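**Q** What follows is a single structure, and I will ask about it in a moment.
The values are calculated or read from the model by the stated rules, or taken from the named source; none is laboratory data. The structure displayed is predicted, hence computed values, not measured ones. Reconstructed Cβ throughout: ideal geometry from the backbone, glycine too, with neighbour counts over all protein chains shown.
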Amino acid sequence: MVIAIITLLLGLLLPAVQSVRASAARADCSNRMRQIGLSQEQYHSAHGQLPPGFVSDTQPKNLPYTAWTARLLPYLEQEGYWRAIEAAFASDPKPLTFYGHPPHAGLLATVVPALLCPADGRVSQPHPFDTGPAAFTSYLGVSGTSHLRKTGVLYADSRTRWTDVTDGLSNTLLVGERPPSADFRLGWWYRGWGLYQDGTGEMILGVQERNFSSDYPDCSAGPFHFTAGRTTNECDLFHFWSQHPGGANFAFCDGSVRFLRYSADAVLPALATRAGGEVVPGDL
């Protein structure tokens, strides 16, 4: 009888403990995104614009294949990593040769907790790749509706200013959650090509992204939608989602962070554009 009672109590207690842990992880994740939002504001104050969502190979002298995740490091109390990045590029004779310079390899394998959501235990350490281990980011910049239309605030070679966001800073997405891909080929924080050598799926993503990649032939062409995903499903790399139940955290351009439920999918395209002129409902 005693064993039966203990078993019953454990059965009642375990879901409660799991719920508390999930709530704590969601709150911690939200706080980290809030810091990212504040660091974007600080960067804008210092440079008169947001960092580029991704730097393409058309700008070989501007830290090619890096993204906003690297540029924000000094504003996330990670000045040392930023100096290491500058030194790695300064000593790199061929910055467009992605994997060829050893200092880049060390940075690529460096875990930066400020860029990670604690709900995803997979990202607490780097994972092996063909050319060496890589560390990840849980947060991707919102490039707009898709990589085909650079309608958001963080896209390839973007130079967005707050004055460009005519839809309103409180109505425009900045960064959203998306765990690394199931195969760990996408979601690297430091350097990466992404799906189309423009950072898509790596550090930036559209809210209705399309799949034109030969690397994922089993995934549909899209457009993909804001919906729940699984860490074992490679096709979930094409859309925003999180490991929190029911939705994901998003940072807005005004510095706020909101938890959007998957039922908000229909309004996400309006929120993703900086100057679309759409009417966004107030009860998200």
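**Q** Only residues that are within 22 Å of PHE226 (Cα to Cα) and more than 16 Å from the chain's Cα centre (by Cα): list them for segment 127-167, please.
**A** LEU148, ARG149, LYS150, THR151, ASP167
Yes or no, residue by residue, for (1) under 23 Å from LEU186 (Cα atoms); (2) surrounded by 21 or more Cβ atoms within 10 Å (Cβ to Cβ):
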| site | (1), (2) |
| --- | --- |
| LEU63 | yes, no |
| THR66 | yes, yes |
| THR69 | yes, yes |
| PRO74 | no, no |
| GLU77 | no, no |
| TYR81 | yes, no |
| PRO93 | no, no |
| THR97 | yes, no |
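**Q** Is there a residue being among the hydroxyl-bearing types (Ser, Thr, Tyr), at pLDDT 95 or above and either touching a Cys at 6+ places or on another chain (Cβ under 8 Å) or more than 23 Å from HIS44 (Cβ to Cβ) (or both) anywhere in segment 118-128?
**A** No, there is no match, as no residue in segment 118-128 is among the hydroxyl-bearing types (Ser, Thr, Tyr), at pLDDT 95 or above and either touching a Cys at 6+ places or on another chain (Cβ under 8 Å) or more than 23 Å from HIS44 (Cβ to Cβ) (or both).
**Q** Does GLU209 satisfy being of a type in the set (Asp, Glu), buried (at least 16 other Cβ atoms within 10 Å of the Cβ) and more than 24 Å from THR97 (Cα to Cα)?
**A** Spelling it out, GLU209 is indeed of a type in the set (Asp, Glu), buried (at least 16 other Cβ atoms within 10 Å of the Cβ) and more than 24 Å from THR97 (Cα to Cα).
**Q** If you don't mind, another one. Quick test for you: out of GLY282, GLY192, GLY277, pick the one residue that is over 27 Å from ASN31 (Cα atoms) and either surrounded by fewer than 16 Cβ atoms within 10 Å (Cβ to Cβ) or modelled with pLDDT under 95 (or both).
**A** GLY277
**Q** For the condition of a type outside the set (Asp, Glu), more than 22 Å from ALA119 (Cβ to Cβ) and assigned to a loop (DSSP other than H, G, I, E, B), what is the one hit in THR151, THR163?
**A** After applying the criteria, what remains is THR151.
**Q** If the requirement is being among the β-branched types (Val, Ile, Thr) and in contact with a Phe, Trp or Tyr (Cβ under 9 Å, 6 or more places away or on another chain), which of these qualifies: THR273, THR227, THR231?
**A** THR227
**Q** Shifting gears a bit: Taking the conditions exactly as written (of a type outside the set (A, V, I, L, M) and in a helix (DSSP H, G or I)), does TYR43 satisfy them or not?
**A** So TYR43 passes the test.
**Q** What number of residues within segment 229-254 are under 14 Å from ALA182 (Cα atoms), of a type in the set (Gly, Ala, Ser) and over 16 Å from the mean Cα position of the chain (by Cα)?
**A** 0
**Q** If you check every pair at least six apart or on different chains, which have Cβ atoms under 7 Å apart with a residue in segment 67-84 that is touching a residue at least 24 places away in the same chain (Cβ under 8 Å) first and a residue that is aromatic (Phe, Trp, Tyr) and in a loop (DSSP other than H, G, I, E, B) second?
**A** THR69/TRP189; ALA70/TYR190
**Q** Can you name the residue in segment 56-77 that is in a helix (DSSP H, G or I) and of a type in the set (A, V, I, L, M) and, of all such residues, is nearest to ALA156 (Cα to Cα)?
**A** Ranking the candidates gives ALA70 first.
**Q** Of THR172, THR227, THR166, THR160, which residue is polar (S, T, N, Q) and without any contact (Cβ under 8 Å) to a residue 60 or more places away in the chain?
**A** Of the residues listed, the single one that is polar (S, T, N, Q) and without any contact (Cβ under 8 Å) to a residue 60 or more places away in the chain is THR227.
**Q** Oh, and also: With LEU148, LEU108, LEU205, LEU154 as the choices, which residue is within 30 Å of SER45 (Cβ to Cβ), out of contact with any Ser or Thr (no Cβ under 8 Å at 6 or more places or on another chain) and touching a residue at least 60 places away in the same chain (Cβ under 8 Å)?
**A** LEU108
**Q** While we're looking at this one, here's another question. Which condition from (1) buried (at least 19 other Cβ atoms within 10 Å of the Cβ); (2) assigned to a loop (DSSP other than H, G, I, E, B); (3) without any contact (Cβ under 8 Å) to a residue 60 or more places away in the chain; (4) more than 13 Å from the chain's Cα centre (by Cα) is the one that CYS219 breaks?
**A** (1)
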